[in-house]
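S.K.: Structure below; questions to follow.
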Amino acid sequence: MNSLITGEVNTIRIYLDNCTYNRPYDDLSQITVNLEAQAKLHIQAAIRKGRYELVSSEILMKEIDDCPVEIRKKGIESFVLENSSIHVGPANTHKIDEMARDIMKTGVKYKDASHIASALFAGCAYLISTDKRLLKYQNEKIKLVTPIEFITEMEAEDGD
């Protein structure tokens, strides 16, 4: 995993927040939750194939580490560690905190603002989340979308 952000991006750079990683473990009896879980798994498969460049961060790793369900924690952690090509690490904490404080002025909570700041800092085109409150945040530099919206957009681009 590269902790430096250098070079040109040949693939679409994306950031998944903790809610998205946990979606397949939620109650799948609700159709939207089930579809989001399937979409998230589809995105993960595309990441493994190198279609998307995955970014991780300190706040993401902390949230994963805080998961009380060991098997879930280990599964998510393994995927992130094995597939992230960029990690916004501790050397960038001051800058991420500064960016997060600005984002919080719009009403976004600290952890969510830290996810957004990390994704922006890494130059992500998309932040993928299932958190409806987080998805309300708007920024011209990054698109915040659900897993379903992301796949829909990517399929539309492929069809052009």
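The values are calculated or read from the model by the stated rules, or taken from the named source; none is laboratory data. Since the model is a prediction, treat every value here as computed from it, not as a measurement. Quick reminder, even Gly has a Cβ in these numbers, built from the backbone with ideal geometry, and neighbours come from all protein chains shown. Protein only, heavy atoms only, side chains kept; ligands, DNA and RNA dropped before computing areas. Shrake-Rupley method; radii C 1.70, N 1.55, O 1.52, S 1.80 Å.
S.K.: Assuming R0 = 25 Å, can you tell me the calculated FRET efficiency for the pair K109 and R72, based on Cβ-Cβ distance, to the nearest 0.05?
M.R.: Efficiency, rounded to the nearest 0.05: 0.65.
S.K.: Suppose R0 equals 35 Å. What FRET efficiency, 1/(1 + (r/R0)^6) with r the Cβ-Cβ distance, do L41 and K136 give to the nearest 0.05?
M.R.: About 0.90, to the nearest 0.05.
S.K.: Once label points are set 7 Å from the Cα along Cα→Cβ at both K62 and T32, what is their separation, rounded to one decimal in nm?
M.R.: 2.9 nm
S.K.: Reachable aspartates and glutamates from K109, Cα under 17 Å, same-chain residues fewer than 8 places away excluded?
M.R.: K109 reaches D17, E58, E63, D97, E98, D131.
S.K.: What number comes out for accessible area per residue over the stretch 91-159 if the probe is 1.4 Å? Units Å², please.
M.R.: Accessible surface, normalised per residue, equals 55 Å².
S.K.: So with the 1.4 Å probe, I'd like the accessible area per residue for the stretch 34-76, rounded to whole Å².
M.R.: 51 Å²
S.K.: Hey, what D do you get for the chain in µm²/s if you plug the Kirkwood alpha-carbon radius into Stokes-Einstein at 25 °C and 0.890 mPa s?
M.R.: 155 µm²/s
S.K.: Okay, helix-only estimate at 222 nm for the chain: each DSSP H run of n ≥ 4 adds -39500 (n - 2.57), divide by all residues, round to 500 deg cm²/dmol; what do you get?
M.R.: My calculation for the chain gives -16000 deg cm²/dmol from helical runs alone.
S.K.: With point charges of +1 on the Cβ of Lys and Arg and -1 on the Cβ of Asp and Glu, referenced to the Cα centre of the chain, which listed residue (I151, I71, Q38) lies farthest in the positive direction of the dipole?
M.R.: I71
S.K.: Only helices at least 15 Å long along their axis, Cα-based, and averaging 0.0 or more on Kyte-Doolittle count here, so list those DSSP H runs from the chain.
M.R.: Helices meeting the span and hydropathy rule in the chain are 31-48, 110-121.
S.K.: What percent of all Cα-Cα pairs in the stretch 84-153 falls into each 5 Å bin, going from 0 up to the bin containing the maximum distance?
M.R.: With 5 Å bins starting at 0, P(r) equals 3, 17, 28, 26, 17, 7, 2, 0.
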